[in-house]
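Just below is one structure, and these are the notes that go with it.
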């Protein structure tokens, strides 16, 4: 039974988004995704200043089981990558929506928030996937 | 039709994530496989290994039978209860399986073979046993638990009667004995001390729960793999198979070519390979940077050619990636591994990677 906070938005590829007070977006992978991956041992996050397109892989998370690309839901510029994950990648497992955040990004104007799911829609998606 | 061990229901109750292993529904992890790994290195963990096949071999000629069947020599087993690790080879020197055999009596040996190869192994064993009038009895009535770690033997002994506990704690490494109706052996697949316990299926759940109550952590196949790889132990199907011989699998030490008169299956082929020099060998690899080495990744060896990773993982004790790889015989020192299209630096090392719970290499 995965945790799906109602105040966040989600993608079909199991990322979550949180809008921060300054208008930037905080992005990570969902509880469902961390559970599927198992114990995470590495997380490669982007550097501040990197420009991303919507759908572009911006991070790689690697567990004992497999390496997985993480996709940016929006076009924009990275304002921060979570450097703490270098020494504590397991924060993604234990606190996927908190300390496990991967990057913060300033979305490009008119940026595509089109394909985002609500918490209810995401819950339905993972239920259909058998999770 | 996936098979279940006698502990299947208990694994569900304990919240295990299950995975198919060799046709068996087995626990991969109960929570964090890295936490389970550390529990075995630091304290004690328990594994369900009931999917493995226990076969009792009986008959007046069981010893000469095994001297023909196995690449290692059961002639070394003089004391009752002593165990031997060996490969079973085909006529071309390829490995059919690796197994442990226990000398239990003049007319009785017990073999434990891998789960994924049990049908193939039993057919092969039965075929050759017929020549020696040896009976092969699969012990499907038994479950098997591995209790491993520095505290494992003491915790497991706590399940036995006082006399039984004393007997179990007196067992020397690689010896087994029937105690309180259970067969207890001081063997394992983690690089830690501990027991493997073969017990009536009906006792398994009670024993597991008693171990949990004594603080022994439930551990799954995920931790089992990271532990055995740190200990430099081979996994059949990954590190060797029917197309590879022991000499190129890091298992030359398990082949007893003395006495010369012992004509075990595969001997001639192995001697020919040995004479011309095996072109490949199995080595340990340590990844220098971040990332995870995985089976089948290509190994690039300067001036020597290419090899392949046979088993790779992230080592929780070393906090970096380790692997076993089959490489050209001349390979040494620094190599590169193709990880998702990018060459990453690694170096060849001699396993094991961990001993007595501590990293051996920096």
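Bear in mind these aren't lab numbers, they're just calculated from the coordinates by the rules spelled out. Computed from a predicted structure; not experimentally measured. Heads up, the Cβs are rebuilt from the backbone with ideal geometry, glycines too, and the neighbour counts pull from every protein chain shown.
Note on residue A:22 and residue B:172: their simple-model spin labels are 6.9 nm apart, each label 7 Å out from Cα toward Cβ.
Per-residue ellipticity at 222 nm from helix content only, as computed over the protein assembly as shown with -39500 (n - 2.57) for each DSSP H run of at least four residues, stands at -5500 deg cm²/dmol.
Inter-chain neighbour count for A:54-64: the average number of beta-carbon atoms from partner chains within 10 Å of each residue's beta-carbon is 3. For chain B, the square roots a ≥ b ≥ c of the C-alpha gyration tensor eigenvalues yield an a/c of 1.5 or more together with a/b not exceeding b/c, which makes the shape oblate. Using the Cβ-Cβ distance between residue B:345 and residue A:108 with R0 = 25 Å, the FRET efficiency computed as 1/(1 + (r/R0)^6) comes to roughly 0.10. Note on residue B:126 and residue B:243: the extension gain reaches 39.9 nm, defined as 0.36 nm multiplied by sequence separation minus the Cα-Cα distance.
For the stretch B:35-180, the fraction of C-alpha pairs farther apart than 23 angstrom is 41 percent.
Here the gap between residue A:35 and residue A:66, fully extended at 0.36 nm per residue and compared with their Cα-Cα distance, gives a gain of 9.9 nm. Shape class for chain A: oblate, because the ratio a/c of the largest to smallest gyration tensor axis (alpha-carbon atoms, square roots of eigenvalues) is 1.5 or more and b/c is at least a/b. Shape analysis of the stretch B:210-362 places it in the oblate category; the axes a ≥ b ≥ c from the Cα gyration tensor give an a/c of at least 1.5, with a/b not above b/c. Given an 8 Å cut-off on Cα distances and at least 6 residues of separation, report the relative contact order of the stretch B:97-202 as a percent. Relative contact order for the stretch B:97-202 comes out at 23 percent.
The stretch between residue B:213 and residue B:336 holds 39.6 nm of extra length on full extension. This uses 0.36 nm per residue minus the Cα-Cα distance. Within the protein assembly as shown, antiparallel bridges make up roughly 95 percent of the DSSP beta bridges whose residues both belong there. Averaging the sequence gap over all C-alpha pairs within less than 8 Å and six or more residues apart, then dividing by the number of residues, gives chain A a relative contact order of 31 percent. Identify the residues of the stretch B:61-88 with backbone N under 20 Å of a label point that sits 7 angstrom from the Cα of residue B:258 along the Cα-to-Cβ direction, or state none. Under 20 Å, as judged by backbone N against the label point of residue B:258, lie B:67-68, B:70-79, B:84-87 of the stretch B:61-88. With a simple spin-label model that places each label point 7 Å from the Cα along the Cα-to-Cβ direction, the separation between residue A:115 and residue B:163 comes to 7.2 nm.
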